[in-house]
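No value in this document is a laboratory result; all are computed from the given coordinates. None of these values were measured; they are calculated from a predicted model. Here the Cβ positions follow ideal geometry from the backbone for every residue, glycine too, while neighbour counts run over all protein chains shown.
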Amino acid sequence: MKKQYDYLIVGAGLFGATFAHRMTKSGKRCLVIDRRAHIGGNTYCENISGINVHKYGAHIFHTSDKQIWNFVNSFVEFNRYTNSPIANYHGELYNLPFNMNTFNRMWGVVTPSEAMDKIAEQRDQARRQMLAEGCSEPSNLEQQALLLVGKDIFEKLIKGYTEKQWGRPCNQLPAFIIKRLPVRLVFDNNYFNDTYQGIPIGGYNRLIEKLLEGSEVRLNTDMLTQRDELSKLADRILYTGALDAYFDFRLGYLQYRSVSFEQEVLPISNYQGNAVVNYTDSETPFTRIIEHKHFEMFGEAVNQCPTTVISKEYSTEWTPKMEPYYPVNDERNTELLQQYRSLAQKEKNVIFGGRLAEYKYYDMAPTIKNAFDLAAKELC
Ligand SMILES: Cc1cc2nc3c(=O)[nH]c(=O)nc-3n(C[C@H](O)[C@H](O)[C@H](O)COP(=O)(O)OP(=O)(O)OC[C@H]3O[C@@H](n4cnc5c(N)ncnc54)[C@H](O)[C@@H]3O)c2cc1C
């Protein structure tokens with residue numbers, strides 16, 4: 001007997017919503033469920049006093065893929081936001097990523113060749129120090145970073161921030177975490193190298209709403225507590241939730257790093273003058289402060305809105321009841337993931353996709369690309 005839907009899509013995040021869009025456009029009937037009370041997954045924005053607050057962490061769309069950029073812009077216009085974070089080290093402010101503005105503030109150098117000489121001098125010092133300690137290759141993150149950018153940048157802009165992020169001293173973290181630390185010898189504070197970036201005007205919810213047009217959506221609906229009845233509704237299931245949760249954690253938990261947010265609504269128009277300020281010292285307990293209005297308000301519009309919303313971000317150890325954010329790709333989790341993947345391959349009519357089901361960090365643009373690819377595979 002024909003079922004009510006062609007696809008049950010578990011998760012109304014960017015992956016599920018993009019897949020739903022592709023399938024409904026091809027005439028498939030889709031039911032999209034989410035256990036949360038809203039659509040959008042981690043891109044969801046809550047409107048507070050006219051400001052779109054990125055509830056699950058700051059999201060900046062960036063890509064060099066013209067097809068993806070045109071796709072998202074066909075639903076909602078993107079603004080001119082350019083990510084240019086500031087580092088605050090004990091009240092000293094530095095531009096990120098490391099560029100001529102950073103080097104001028106750090107050493108007073110004015111030309112690229114002066115900056116290059118300074119960096120080379122500090123790298124040499126680090127290499128001599130390492131050799132004196134009997135190491136020919138960096139054996140931890142601290143040595144690796146010192147070799148790449150030298151002592152001053154490491155101590156003021158990398159050490160404290162990285163230790164807060166990972167919850168461990170840099171000399172106890174593996175060197176491979178930092179493969180490259182690009183230094184730019186130009187006055188360019190644009191964090192991303194991508195051709196396109198911005199924030200959807202009116203927030204990400206508008207993009208997701210548009211993607212879900214044509215699908216039936218049920219919120220507050222958890223697949224795993226109503227598995228039997230929901231499975232009967234559709235011929236095929238796309239599951240974008242956590243892979244280990246789908247199998248009731250029967251082989252153990254896949255581990256994550258999490259972030260907790262402390263949100264404040266302040267009766268002032270401008271708190272820090274920038275969307276992203278990283279606190280790179282080790283004494284400040286949070287890693288960064290996001291001031292959400294700067295993602296969508298520019299120039300005079302900032303002053304005209306009398307309120308602001310900030311989020312302090314704390315990098316936290318993950319426990320099973322917390323939001324899973326960043327997969328931990330160590331040996332234990334990689335092995336466990338392989339075992340769960342073997343179980344997943346045996347599931348009939350269930351496909352797994354998205355950052356949680358794949359246990360892999362993806363930015364938004366690759367998430368859309370992956371959903372395109374999966375939809376194309378399903379349709380051929
Ligand atoms: C802190 C943070 C900051 C980020 N910043 C950026 C950025 O600046 N730029 C960028 O490009 N990318 C960023 N990303 C990545 C971005 O969030 C992801 O690419 C995107 O959210 C992936 O979409 P998804 O649909 O796979 O997952 P999600 O957004 O997590 O959606 C999965 C959905 O499935 C639902 N679900 C799970 N289990 C069940 C169940 N059992 N039943 C029903 N529903 C279920 C969840 O509630 C959720 O809504 C960031 C990620 C994090 C963690």
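Values computed for the structure shown
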| item | result |
| --- | --- |
| Mean-position separation - Cα centroids, the stretch 1-77 and the stretch 302-380, in angstrom | 14 Å |
| Contour excess over end-to-end distance, with Cα ends at R35 and T316 and 0.36 nm allotted per residue | 98.8 nm |
| GluC sites (Glu not before Pro) within the stretch 162-265, DSSP loop, no more than 16 other Cβ atoms inside 10 Å | E213 |
| Computed E for A132/D330 - FRET, C-beta separation, R0 35 angstrom, nearest 0.05 | 0.65 |
| Label point distance in nm, D188-T82, each placed 7 Å from Cα along Cα→Cβ | 1.0 nm |
| Linear extension gain, Q4 paired with N274, 0.36 nm per residue minus alpha-carbon span | 92.3 nm |
| Over 18 Å (Cα to Cα) - which of K2/K28; K55/K293; K118/K179; K232/K377; K3/K369; K232/K321 fall in this group | K118/K179; K232/K377; K3/K369; K232/K321 |
| Chymotrypsin sites (Phe, Trp or Tyr not before Pro) within the stretch 1-32: DSSP coil, no more than 16 neighbouring Cβ in 10 Å | none |
| Coil-residue trypsin sites (Lys or Arg not before Pro) of the stretch 174-261, DSSP, other Cβ within 10 Å capped at 12 | K179, R180, K232, R250 |
| Cα-centre dipole for the stretch 98-177 with unit charges at Cβ (Lys and Arg positive, Asp and Glu negative), debye to 20 | 220 debye |
| Inter-probe distance in nm under a simple model that places probes 7 Å from Cα toward Cβ, at D124 and Q226 | 6.9 nm |
| Long-range HN-HN contacts of D281 with modeled amide H, under 5 Å | H90 |
| Residue-wise HN-Hα coupling along the stretch 311-324, computed from phi with Karplus coefficients 6.51, -1.76, 1.60 (Hz; x: Gly, Pro) | 10, 8, 9, 10, 7, 10, 5, 8, 10, x, 8, 8, 5, x |
| Residues C30, C135, sorted so that the one with the fewest Cβ neighbours within 10 Å comes first | C135, C30 |
| For V32, residues with placed amide H under 5 Å, excluding near neighbours | I9, E216, V217, R218 |
| Stretchable slack from L93 to R168, in nm (0.36 nm times residue separation minus alpha-carbon distance) | 24.5 nm |
| Estimated FRET transfer efficiency when R0 is 30 angstrom, pair R250-N140 (beta carbons, to 0.05) | 0.25 |
| Net charge contributed by nearby residues that have their C-beta within less than 10 Å of E313 (K/R +1, D/E -1) | +2 |
| In Hz, Karplus ³J(HN,Hα) per residue of the stretch 248-253 (6.51, -1.76, 1.60; θ = phi - 60°; x = Gly, Pro) | 6, 6, 5, 9, x, 8 |
| The stretch 252-380 shape via C-alpha gyration tensor axes, a/c threshold 1.5 | oblate |
| Radius 10 Å from Cβ of I51, net charge of other residues (Lys, Arg +1; Asp, Glu -1) | -2 |
| Vicinal HN-Hα couplings computed from phi for the stretch 278-292 (Karplus, 6.51 cos²θ - 1.76 cosθ + 1.60; Hz; Gly/Pro x) | 8, 9, 9, 7, 8, 6, 5, x, 8, 8, 7, 10, 9, 10, 5 |
